[in-house]
1. Please list the non-local residues whose amide H lies under 5 Å from the amide H of R218, H modeled 1.01 Å from N, same-chain partners needing a gap of 5 or more.
2. Sum -39500 (n - 2.57) across every DSSP H segment of at least 4 residues in the chain, then divide by the residue count to get the 222 nm mean residue ellipticity, nearest 500.
3. Select from Q229, V180, G250 the residue farthest towards the positive end of the dipole of region 175-269; place +1 on Cβ of Lys and Arg, -1 on Cβ of Asp and Glu, and compute about the Cα centre.
4. With +1 assigned to the C-beta of every Lys and Arg and -1 to the C-beta of every Asp and Glu, and no other charges, what is the dipole magnitude of region 19-71 about the Cα centre in debye, to the nearest 20?
5. Please compute the length gained on full extension between E166 and S10, using 0.36 nm multiplied by the number of residues separating them and subtracting their Cα-Cα distance.
6. If we count every other residue with Cβ under 15 angstrom of E27's Cβ, Lys/Arg +1 and Asp/Glu -1, where does the sum land?
7. Calculate the dipole size of the chain relative to its Cα centre from +1 charges on Lys and Arg beta carbons and -1 charges on Asp and Glu beta carbons; express the result in debye to the nearest 20.
8. Probe radius 1.4 Å, ligands and nucleic acids left out: which of M269, M21 has the largest accessible area, and how do the rest follow?
Amino acid sequence: MISAASDISSPVGVIAGGGAMPFAVAESLAARGIAPVLFALRGACDPARVERFRHHWISVGQLGRATKLFRSEGCRDLIFIGTLLRPALSEIRLDWGTIRVLGRVWAAFRGGDDHLLSGIGRILEQDGFRMVGIRDVAPDILMPEGSIARAKPDSAAAADIAKGREVLGALGPFDIGQAVVVIDGHVVAVEDIEGTDGLLARVARLREAGRIRAKSGRGVLVKAPKSGQDLRFDLPAVGAKTIEGAARAGLAGIAVIAGHTIAAEAQAMIEAADSAGLFIQGLSA
């Protein structure tokens, strides 16, 4: 993929799901003099926080309405960002613009999240829009390489990180998840439909139930994009909530791919890590 960063046109359309990431992207754009317009997904985007920006509400399945709004706002460049619970096809309120390309929408749904987002992205690009990624519009919110908290990974954590990267590399082609927890060389949990927060909560429950015997303060959450993933869509993300979950799970820290992972609200994340004594490691791609 060729970077579009050098010729991003203002305004940029931010198709906004849940969480803090859409607003971090919008703030990054605005700080560089590029106007963000948020297209907030109903049931996902925070209705209070979106009020700070120019925005429109859209529903999943309203491709026709969405494309009209994109054009009316002059948004050539679009980015998907934020969390979204995948709806069943029966739950989607289809408009004529979606029905017109229903075959391609159905094909996009028949796969994992990366397949779905890249499929919808291709439909929008065929309508004359350009899908861009975080590296194009908000590179300042990506994880840097190296340690960014006070704690540093020891040799045991480094070995767990290497094992985690190996596991994620093997799982990537199946479009399953982007995270794994490894403790003392043992893969104890892999991310599934619950997401990273659910994964960490599961590890915490396993510890409480005595299923994990390693003492607290060992083990690593490792996150990485799926192999072959279109890096414009669904990049891994970490934040203060991730650190809090890792602390409750009794881990030593987290490790993610630098330049390919969103660090939302980084200062709050670093403060949470320092308070809990966890490391945050940015790994070379």
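1. Amide H neighbours of R218, under 5 Å, 5+ apart: A252.
2. -10500 deg cm²/dmol
3. G250
4. So the dipole magnitude of region 19-71 works out to roughly 220 debye.
5. So the chain would gain 52.2 nm between E166 and S10.
6. 0
7. 400 debye
8. My answer, sorted largest first, is M21, M269.
The values are calculated or read from the model by the stated rules, or taken from the named source; none is laboratory data. These numbers come from a predicted model, not from an experiment. Every residue, glycine among them, receives a Cβ derived from its backbone with ideal geometry; neighbour counts consider all protein chains shown. The protein model used for the area step is the full one, side chains on, heavy atoms only, and it has no ligands, DNA or RNA in it. Shrake-Rupley method; radii C 1.70, N 1.55, O 1.52, S 1.80 Å.
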